[in-house]
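Notes follow the structure.
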Ligand SMILES: [Zn+2]
Ligand SMILES: [Zn+2]
């Protein structure tokens, strides 16, 4: 527990609560997918997920909005084609992130949280724009497949993100292994149809620039477009309590 050794007891409890809530929320979402929409098992898991959301809403101690239970419930609605209901769960999380980012110099952790939340929300265009921005920021230009092959690649050509598990990226060869005898620890073959594939960067972009539909724009312009697309505003989301830990701490807890 060295990661949290400097935290106050109250904050540590907050971290543990959010980790537990996120694990549960992901388990409930996966249960609904595995049981199949409309089955009693799926309905039971959705009810549990909704209850968890009501218990934990307005709770963002880690600035890791992609992992709050409400975002998992948003995914449930999105994967069932209930776009309006889904947006109502994604909007507060996105609002929180853009509020934290401000207009300039976002940290890598903030950009990762935004990318993962947008991946949950199925906003593929903006997920790819953020992935390409981190390509440009990367100092060594290496991408590591988190599938069985563990290979490093110079170009992230067709690497995929699972929007449900968010555990890192998989190369195309490892994606093909899903459904075979080789399975990853947590991700499921049922998730493959939701994977978001990141195409190679089609042209050089300036550091900090964003490439959208082949056109480079600056980050502030892109962020304003995102705010318009998601109807985000300048007002504080209720009960936002961003704490001192970042998303990397959250991952440490998540993979432990
Ligand atoms: Zn691989
Ligand atoms: Zn998955």
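Screening residue 145 with (1) in contact with a strand residue (DSSP E or B) (Cβ under 7 Å, 6 or more places away or on another chain); (2) modelled with pLDDT of 85 or more; (3) more than 12 Å from ligand 1 (Cβ to nearest atom) gives one miss only, at (3). Listed residues 101, 97, 124; which is surrounded by fewer than 17 Cβ atoms within 10 Å (Cβ to Cβ) and under 25 Å from residue 221 (Cα atoms)? Going through 101, 97, 124 in turn, just one is surrounded by fewer than 17 Cβ atoms within 10 Å (Cβ to Cβ) and under 25 Å from residue 221 (Cα atoms): 124. Filtered by the rule that a residue be surrounded by 14 or more Cβ atoms within 10 Å (Cβ to Cβ) and either modelled with pLDDT under 85 or more than 21 Å from the chain's Cα centre (by Cα) (or both), the stretch 191-208 gives 201, 205, 208. Within the stretch 16-40, the set of residues being surrounded by 14 or more Cβ atoms within 10 Å (Cβ to Cβ), in contact with a helix residue (DSSP H, G or I) (Cβ under 8 Å, 6 or more places away or on another chain) and closer than 19 Å to residue 82 by Cα comprises 25, 26, 28, 29, 31, 32, 33, 35. Scanning the stretch 148-167 for residues that are surrounded by 17 or more Cβ atoms within 10 Å (Cβ to Cβ) and either within 12 Å of ligand 1 (Cβ to nearest atom) or more than 14 Å from residue 188 (Cβ to Cβ) (or both) turns up 156, 159, 160, 161.
The set of residues in the stretch 169-182 being closer than 22 Å to residue 123 by Cα and surrounded by fewer than 17 Cβ atoms within 10 Å (Cβ to Cβ) consists of 172 alone.
The values are calculated or read from the model by the stated rules, or taken from the named source; none is laboratory data. Computed from a predicted model, the values in this text were never measured in an experiment. Cβ: placed from backbone, ideal geometry, glycine included. Neighbour counts: every protein chain shown.
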